[in-house]
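All of the numbers you see were taken from the coordinates with simple rules; none came from a lab. Source: prediction; values computed, not measured. So basically every Cβ, Gly included, is an ideal-geometry build from the backbone, and we count neighbours across all protein chains shown.
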Protein chains: 2
Amino acid sequence: MNFCSHCGTPVELRIPEGDHLPRYVCPTCGTIHYQNPKVVVGSIPQWEDRILLCKRAIEPRHGLWTLPAGFMENEETTIEGALRETMEEAGARVEVIDLHTMFNLPHVNQVYVMFRANLLDLDFGPGPESLEVALYDEKDIPWNEIAFPVIEQTMRLFFEDRRRGTFGIHTGDIIRHLLPNNERRYETRMLKRR
Amino acid sequence: MNFCSHCGTPVELRIPEGDHLPRYVCPTCGTIHYQNPKVVVGSIPQWEDRILLCKRAIEPRHGLWTLPAGFMENEETTIEGALRETMEEAGARVEVIDLHTMFNLPHVNQVYVMFRANLLDLDFGPGPESLEVALYDEKDIPWNEIAFPVIEQTMRLFFEDRRRGTFGIHTGDIIRHLLPNNERRYETRMLKRR
C-alpha cells in the first residue's frame, strides 16, 4: 500500500494512537487502512464412497488437484460462498451437511472453512479455473499431486472420520517453516479439546 | 474506495475479465482491489458457573455488554486473536476449550468465530475499550443490555448446551431485516446438520 484509497495522498506506516500494530495511515484525511486475514470457503463433495476433486487450470499449483474452494465474498455467508465456489470450479450442485474444518494459515493470512457436502447429481464438469473434475475413491486420491497442504489435511481428516464412523468439526493451524536450504515444510497443529 | 492504493490513480468500478462481480480496478497499473469479509474472534471465558462480560467504552453500543472479541489480525491464528482480544478488552488470561460458534453477518461482511475458554485466574479488569468487566451467572445476564445480536445468540447457545450437559459447535447466520418503519430486526438461521 502506497496511497490512501480514500483521498489519494501517500500513506505513512505508523502505530495509531491507542493501537498496538503499525498501520497504513493517511496524513491528510486520517483514514486508517486496516489489513486483515481473508476467508477461503469450500466443500468436500461426496457421492457414495467418492469425493470430487478439481485439477487446477490456474496458478498457483497449475495442474495439481484440490477441493473446490475460493475467497469468500462480501455480502455472502460461508455456506453460500462454498456452494458458489463448488459450482464455479466444478460445475457441481451440492447440499451442505456440516462444517468439517477451520484451518488458520497465518503465513498467508487466510482462514480455510471447509464443509462436508452431498453431491446432488452427476452433472458436473470443469469451470474456467479447472482442467478436469473427477470423483475419487480414497485409495485412488493422487496424494502426491495435491495443490495445498491444507487441502491434504482436510481430506485426511475426512477419511479418518469416515473410517471411525463419526464426523467431527476440526480446528487447527497449518504452520509454514522455512528450512535453511530454502525448502518449505508445513506442520499441522490441531486444537485438542480440553 | 476512490484511488488505487498501489499507484494513486482514480479507480474504476467494473467487472474484470473472467470475474462475475464489480471490483475497483486501476486503469493505470491494472491492480484489482478485492474487498472481502473480516473475521471477528473472541471467547466465552468461564469461571465455575459464571462467564465474563465487558461493558463497552467505545462506539458502537457504548455502555452495553459484550463478550471479549475483535478483528482478527494478519499473521495470527483465530485462537491467538481470541486470546489477544480477551486480554486487551478484559485483562483476562484464558485457555481455549473448543470452538463454540461460527456466525456469518453478511449485512456487515463479518464472520464471528467464538471459542469456549477457561478463565485461568481472577486477576482481570477493563482495558481501554471497556468500562467494566464482570462475571455473571446465567440468571443475572443483562439480556436487554447486550451490545450485539450475535453475542446474545452465542451466549444463549452456550447456556442451552450447558443445561443439556454437552457442548456442540454451532454454525449459523444472523440476517438483518430492515422493516418499513426503519427498525431493524435480526433473524438467526442455524445450520441443521444433515
Q: Set Lys and Arg Cβ to +1 and Asp and Glu Cβ to -1, take the dipole of the protein assembly as shown about its Cα centre, and tell me which of B:Val133, A:Phe159, A:Leu135 lies farthest positive.
A: A:Phe159
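If packing is taken as the average count of other Cβ atoms within 10 Å, what order do A:99-108, B:30-39, A:12-21 fall into, highest mean first?
Numbers: A:99-108: 21.9, B:30-39: 16.3, A:12-21: 10.4.
Highest mean packing first, the order is A:99-108, B:30-39, A:12-21.
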Q) So what's the Cα pair-distance distribution over the range A:56-96, bin width 10 Å, in %? A) 30, 49, 20, 0
Q: Within the range B:74-182, report the trypsin sites (Lys or Arg not before Pro) that DSSP leaves as loop and that have at most 12 other Cβ atoms within 10 Å.
A: none
(Q) For chain B, take the longest principal axis of its alpha carbons; what is the angle in degrees between that and the long axis of helix B:149-164, to the nearest 10 within 0 to 90? (A) 40
**Q.** A:Trp65, A:Trp47 arranged by Cβ crowding within 10 Å, fewest neighbours leading
**A.** A:Trp47, A:Trp65
Q | Three-way shape call for the protein assembly as shown based on the alpha-carbon gyration tensor, with the a/c threshold at 1.5 | A | oblate
Q.
Between 0 and 90 degrees, rounded to the nearest ten: what's the tilt of helix B:78-90 against the longest Cα principal axis of chain B?
A. 60
Q) Mind checking the mean number of beta-carbon atoms from other chains within 10 Å of the Cβ atoms in B:74-84? A) 5
Q) Can you sort B:Thr9, A:Thr166 by how many other beta carbons sit within 10 Å, fewest first? A) A:Thr166, B:Thr9
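Using just the helices of chain B, give the 222 nm mean residue ellipticity in deg cm²/dmol: DSSP H runs with n ≥ 4 each add -39,500 (n - 2.57), and the total is spread over all residues, rounded to 500.
Result for chain B, helices only: -5000 deg cm²/dmol.
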Q. What is the Cα centroid distance between the range A:27-63 and the range B:1-80, reported in whole angstrom?
A. 16
Q: For the range B:81-107 and the range B:156-194, compute the distance between their C-alpha centroids and round to whole Å.
A: 18
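Once the convex hull of the alpha carbons of the range B:69-127 is built, what does its volume come to per residue, in cubic angstrom?
Details: hull volume 5.0 nm³, N = 59.
Taking only Cα atoms, the range B:69-127 has a hull volume of 84 Å³ per residue.
For the residues A:Cys29, B:Cys26, what sequence is obtained by ranking on other C-beta atoms within 10 Å, fewest first? Before the final figure, lay out each step's value.
Values: A:Cys29 11, B:Cys26 19.
Listing A:Cys29, B:Cys26 from fewest to most nearby Cβ atoms yields A:Cys29, B:Cys26.
Partner chain Cβ atoms within 10 Å, averaged over the residues of A:181-191 - can you pull that number for me? Could you put the intermediate results ahead of the total?
Details: counts 0, 0, 0, 0, 0, 0, 0, 0, 1, 0, 8.
Across the residues of A:181-191, the mean count of other-chain Cβ atoms within 10 Å is 1.
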Q | Cα→Cβ-extended label distance, 7 Å offset, between A:Thr28 and A:Thr188, nm | A | 5.0
Q.
Is there a quick way to get the dipole size of chain B? I mean about its Cα centre, with the Cβ of Lys and Arg at +1 and of Asp and Glu at -1; what is the value in debye to the nearest 20?
A. 880
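Where the convex hull is taken over the Cα atoms of chain B, what is its projected area averaged over directions, in nm²? Before the final figure, lay out each step's value.
Numbers: hull surface 59.3 nm².
Averaged projected hull area, Cα only: 14.8 nm².
Going down the table (A:Lys38/A:Lys192; A:Lys55/A:Lys192; A:Lys192/B:Lys38), which pairs top 30 Å between alpha carbons?
On the way: A:Lys38/A:Lys192 24 Å; A:Lys55/A:Lys192 33 Å; A:Lys192/B:Lys38 25 Å.
Flagged as over cut-off: A:Lys55/A:Lys192.
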Q.
Students often get this wrong: which residues of the range A:170-194 have the backbone nitrogen under 19 Å from the point 7 angstrom along Cα-to-C-beta of A:Trp143?
A. A:185-190
**Q.** Within 10 Å of each Cβ in B:1-8, the average number of Cβ atoms from other chains
**A.** 5
Q | Local electrostatic count, B:Ala117, Cβ distance below 10 Å [Lys/Arg +1, Asp/Glu -1] | A | +1
